[in-house]
Amino acid sequence: MSQERILPAPPVNVEHEEFWAAANDGVLMVPRCKDTGKFFWYPRKLSPFTLSQNVELVPASGKGVIYTYSVMRRADPPYAIAYVTLDEGITMMTNIVDCDFDKISIGQAVSVVFRETEGGQKVPVFKPAG
């Protein structure tokens, strides 16, 4: 395991308030279009499927698999970024933490954890499951 880097604070606006409040409580919320039943990413008030405001945030399982990743070895400290496909079917960009970067693999099962940013806001990141 490597030294953990300080994460930058995310931009917070009215469209994301509920998402970030849930993250501070340790809950990963994902948006779903109520008209189609489809999940989407990133959190916003308009459905990308219907352009309606008939959108709800629902708790995610917090489980997924690594779709692809890259280890930033020249950074100090090094860190891993990845696209993780959640069990709900959406893919989000995130960080992989609490692991040996040489043992990360595509298709690897991961689960969500939350890390505090430099501004105090918690953000979802993922660690290997198990």
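The values are calculated or read from the model by the stated rules, or taken from the named source; none is laboratory data. Everything quoted here is computed from the prediction, not taken from an experiment. Every residue, glycine among them, receives a Cβ derived from its backbone with ideal geometry; neighbour counts consider all protein chains shown. Just the protein is used for accessible areas: all its heavy atoms, side chains included, with ligands, DNA and RNA removed. Shrake-Rupley method; radii C 1.70, N 1.55, O 1.52, S 1.80 Å.
Within 23 Å of residue 7 (Cα to Cα), part of a strand (DSSP E or B), touching a Ser or Thr at 6+ places or on another chain (Cβ under 6 Å) and in contact (Cβ under 8 Å) with a residue 24 or more places away in the chain: is that true of residue 126 in this structure? Spell out the reasoning first.
On the way: within 23 Å of residue 7 (Cα to Cα): yes; part of a strand (DSSP E or B): yes; touching a Ser or Thr at 6+ places or on another chain (Cβ under 6 Å): yes; in contact (Cβ under 8 Å) with a residue 24 or more places away in the chain: yes.
Yes, satisfied.
For the stretch 88-123, how many residues meet the condition of being over 15 Å from residue 7 (Cα atoms), in a strand (DSSP E or B) and not small (Gly, Ala, Ser)?
Restricting attention to the stretch 88-123, the residues satisfying the condition of being over 15 Å from residue 7 (Cα atoms) are 88-92, 99-112.
With in a strand (DSSP E or B) added as a condition, the list becomes 91-92, 109-112.
Imposing the further condition that a residue be not small (Gly, Ala, Ser) reduces the set to 91-92, 110, 112.
The number of residues fulfilling the criteria is 4.
Please state which one of 49, 101 is touching a residue at least 24 places away in the same chain (Cβ under 8 Å) and more than 20 Å from residue 10 (Cα to Cα). Can you show your working first?
Details: 49 fails: touching a residue at least 24 places away in the same chain (Cβ under 8 Å).
On inspection, the qualifying residue turns out to be 101.
Name the single residue that is most open to solvent (accessible area, probe 1.4 Å) among those in the stretch 94-112 being hydrophobic (A, V, I, L, M, F, W, C) and more than 22 Å from residue 73 (Cβ to Cβ). Step through it out loud before you land on a result.
First, the residues of the stretch 94-112 that are hydrophobic (A, V, I, L, M, F, W, C): 96-97, 99, 101, 104, 106, 109-110, 112.
Within this subset, residues satisfying the condition of being more than 22 Å from residue 73 (Cβ to Cβ) are 109, 112.
Numbers: 109: 53, 112: 34 Å².
The selected residue is 109.
Hey, can you tell me all the residues within the stretch 77-87 that are open to solvent by 60 Å² or more (accessible area, probe 1.4 Å) and part of a strand (DSSP E or B)? Break it down into steps so the answer makes sense when it comes.
Looking only at the stretch 77-87, we keep the residues that are open to solvent by 60 Å² or more (accessible area, probe 1.4 Å), and these are 83, 87.
Result: 83, single match.
Somewhere in the stretch 53-76, is a residue part of a loop (DSSP other than H, G, I, E, B), modelled with pLDDT under 95 and either in contact with a Phe, Trp or Tyr (Cβ under 7 Å, 6 or more places away or on another chain) or aromatic (Phe, Trp, Tyr) (or both)?
no
Out of the residues in the stretch 62-76 that are over 12 Å from the mean Cα position of the chain (by Cα) and of a type outside the set (A, V, I, L, M, F, W, C), which is surrounded by the most Cβ atoms within 10 Å (Cβ to Cβ)?
Ranking the candidates gives 69 first.
Mind listing whichever residues of the stretch 1-45 are part of a loop (DSSP other than H, G, I, E, B), open to solvent by less than 80 Å² (accessible area, probe 1.4 Å) and aliphatic (A, V, I, L, M)?
Matches in the stretch 1-45: 9, 27, 28.
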